[in-house]
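**Q** Can you read through this structure? Questions will come right after.
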Amino acid sequence: MTAPAAAVENEQRDSAVFDVERLRACFPILEREVRGHRLVYLDNAASAQRPEVVIDAVSDCYRTYYANAHRGVHALSEQSTDAYEAARAKVARFIGAPDSHEVVFTRGTTESLNLVAQSYGRRHLEPGDEVLLTEMEHHSNIVPWQLVCEQTGARVLAAPITDDGELDLDRFAGMLNERTRVVALAHVSNALGTVNDIPAVVELTRARSDAAVVVDGAQAVPHMAVDVAALGCDFYAFSGHKMYGPGGIGVLWGRRELLAAMPPYHGGGSMITRVTFERSEYMAPPQRFEAGTPAIAPAIGLGVAVEFLESTGLDPIERHEQELLSHTMEVLNDLPWVRVPGHASNAGSARAAVVSLVIDGAHPHDVATILDEQGIAIRAGHHCAQPLMDRLGVPATVRASFGLYNTHEEVDLLVSGLHEVRRIFG
């Protein structure tokens, strides 16, 4: 078979596999109506919905075998432990981690980044040291670094972005120096959809400093294939609830040698080998960072969400969402009263399917309220990215963020809703 013919066959197979209506049927909540309209859920950057297999896995755990993991030798505890650790192995495989012991379960991206800031950052930062962020960061990748800098005397700096919403790599490189101890940035911006070139960032960082590179991957993992080994970063954080898994569970991946040298973030049961009133001895990672009773059922549900994404295919998911993004930008270009800050059509970087909108003469909260009356769930506000809003010169935006179950028809319904906003506000 010739290469073009093989490419056509692969494309046809992927199209056949990615049946959006079949996938929508996997999500019970998409069957409901909101205010008399079929639900159009476009708030996936905040939290995605859950397929029935994830809901069933969590329910099955609670119904049939739940017990505390790592704590007992009875049958239920052993089954819970096996399922919990199997979920860790699934996550490691999913992100290309060389070793499942490099996968730490947390409550979410926020806790993962706080863990790195307090356990790694507090140990390595000194007065005069620098933590380099970017102007597009979520508050979860700003505030933890501010806290640890207050504790250590280090300072936070932010590399600028361009008007097109891209990280200015030249100016980023110019800010790196021998005092840079941590570089922390989003893989994908939660407000702009900008996909940062992490390997390029890592290469620049390694050439100019010995800083650890910390990546907030919350908006990347559900939408594109991620291989932490290929990215070259030192830490990678993400959340279950954004990748069609349960809430209250997240992941921190870290290089094993770095985790092994880090002190515990929380103290308590399950993370120790020996405790006296004089001192305690700690287990090796990942248990060292998982004090107390873990989120057993959510972790198991996360493992099932990983399998759901793998069975669907990250490449077909990304292509589908890119088609939705292209369709959205095409129709928005015909609306002169709608602005898409930081998302110029000629931007050179890749974009995830996230679009922030400003509608002339209408406050984002009013826009979201009118759309909600039509059953359209969309986010309005600063999206926990106030420094980015300041850079864009807006107090807030309306954000449409797409997932694997969204359709072109839903994009058109969104646009119809925006026309209704325009009619009401003139």
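**Q** Can you work out the FRET efficiency for the pair Val394 and Glu420, with r the C-beta to C-beta distance and R0 = 25 Å, to the nearest 0.05?
**A** On the way: r = 22 Å, r/R0 = 0.87.
For R0 = 25 Å, the calculated efficiency reads 0.70.
**Q** By DSSP, what percent of the beta bridges with both residues in the chain are antiparallel, rounded to the nearest 5? The partial results should precede the final answer.
**A** Values: 26 of 45 bridges.
Given both bridge residues lie in the chain, the antiparallel proportion sits at roughly 60 percent.
**Q** Between Asp19 and Thr276, what is the FRET efficiency for a Förster distance of 56 Å, r being their Cβ-Cβ separation, to the nearest 0.05?
**A** On the way: r = 60 Å, r/R0 = 1.07.
The pair Asp19/Thr276 has a calculated efficiency of 0.40.
**Q** Enumerate the helices in the chain for which the Kyte-Doolittle hydropathy averages -1.0 or more and the C-alpha atoms extend at least 20 Å along the helix's axis, using complete DSSP H runs. Let's see the in-between values first.
**A** Details: long enough: 3-17 (21 Å, -0.47); 75-94 (28 Å, -0.44); 296-312 (24 Å, 1.31); 314-332 (27 Å, -0.48); 408-425 (26 Å, 0.04).
Helices passing the filter in the chain: 3-17, 75-94, 296-312, 314-332, 408-425.
**Q** Would you calculate a helix-derived [θ] at 222 nm for the chain, using -39,500 (n - 2.57) for each DSSP H run of n ≥ 4 and dividing by the full residue count, to the nearest 500?
**A** Values: 15 runs with 163 residues, N = 426.
That comes out to -11500 deg cm²/dmol.
**Q** If you don't mind, another one. What does the charge dipole of the chain about its Cα centre add up to, to the nearest 20 debye, if the Cβ of each Lys and Arg holds +1 and the Cβ of each Asp and Glu holds -1? Each step should come with its number before you reach the end.
**A** Working: 35 positive and 56 negative charges, 231 e Å.
The dipole of the chain has a size of about 1100 debye.
**Q** In percent, how large is the relative contact order of the range 55-310, given Cα pairs closer than 8 Å and 6 or more residues apart?
**A** Across the range 55-310, relative contact order equals 25 percent.
**Q** Follow-up question, since we're still on this one. Leaving out ligands, DNA and RNA, what percent of the accessible area of the chain is carbon and sulfur, probe 1.4 Å?
**A** On the way: 8880 of 17800 Å².
Carbon and sulfur: 50 percent of the exposed surface of the chain.
**Q** Report the FRET efficiency, 1/(1 + (r/R0)^6), for Ala261 and Arg71, where r is their Cβ-Cβ distance and R0 is 30 Å, rounded to 0.05. Spell out each step's value before the answer.
**A** Numbers: r = 27 Å, r/R0 = 0.91.
It comes to 0.65.
**Q** Order the peptides 281-288, 265-272, 234-241 from the highest to the lowest mean number of other Cβ atoms within 10 Å of their residues. Don't jump to the answer; show the numbers that get you there.
**A** Numbers: 281-288: 17.8, 265-272: 16.1, 234-241: 27.5.
Going from most to least packed, we get 234-241, 281-288, 265-272.
**Q** Rolling a 1.4 angstrom probe over the protein heavy atoms, how many square angstrom per residue are accessible across the chain? Each step should come with its number before you reach the end.
**A** Numbers: 17800 Å² over 426 residues.
Accessible area per residue, the chain: 42 Å².
**Q** Taking a label point 7 Å from the Cα of Asp164 along the Cα→Cβ vector, which residues of the range 313-327 have an amide N closer than 17 Å to it?
**A** Residues 326 qualify, since their backbone N sits under 17 Å from the label point.
**Q** Could you point to the residue in Ala48, Gln287, Gly217 farthest towards the positive end of the chain's charge dipole, with +1 and -1 charges on the Cβ of Lys/Arg and Asp/Glu respectively?
**A** Highest projection toward the positive end goes to Gln287.
**Q** Name the residues whose placed amide hydrogens come within less than 5 Å of the amide hydrogen of Ile272, ignoring near sequence neighbours (fewer than 5 apart) on the same chain.
**A** Met283
**Q** Tell me, what ³J(HN,Hα) does each residue in the range 375-389 have, in order and in whole Hz, if you take phi through Karplus 6.51 cos²θ - 1.76 cosθ + 1.60 with θ = phi - 60° and put x for Gly and Pro?
**A** Rounded to whole hertz, the list is x, 9, 8, 9, 9, 10, x, 9, 6, 6, 9, 4, x, 5, 4.
**Q** Please work out the Cα center distance from the range 198-254 to the range 290-330, rounded to the nearest Å.
**A** Cα centres, the range 198-254 to the range 290-330: 15 Å.
**Q** Compute, for Ile300, the solvent-accessible surface of its heavy atoms (probe 1.4 Å) with the complete set of protein chains present, and express it in square angstrom to the nearest 10.
**A** Here the accessible area works out near 20 Å².
**Q** Rank-order 215-226, 332-343 by packing density, defined as the average count of other C-beta atoms within 10 Å over each peptide's residues, highest first. Walk me through the numbers before you get to the answer.
**A** On the way: 215-226: 25.6, 332-343: 16.7.
Packing order, densest peptide first, comes out as 215-226, 332-343.
The values are calculated or read from the model by the stated rules, or taken from the named source; none is laboratory data. The shown structure was predicted, so the numbers you read here are calculated from the model rather than taken from an experiment. Using ideal geometry, Cβ is built from the backbone for each residue, glycine included, and neighbour counts are taken over all protein chains shown. We work out accessible area using only protein heavy atoms, side chains counted, and drop any ligands, DNA or RNA first. Shrake-Rupley method; radii C 1.70, N 1.55, O 1.52, S 1.80 Å.
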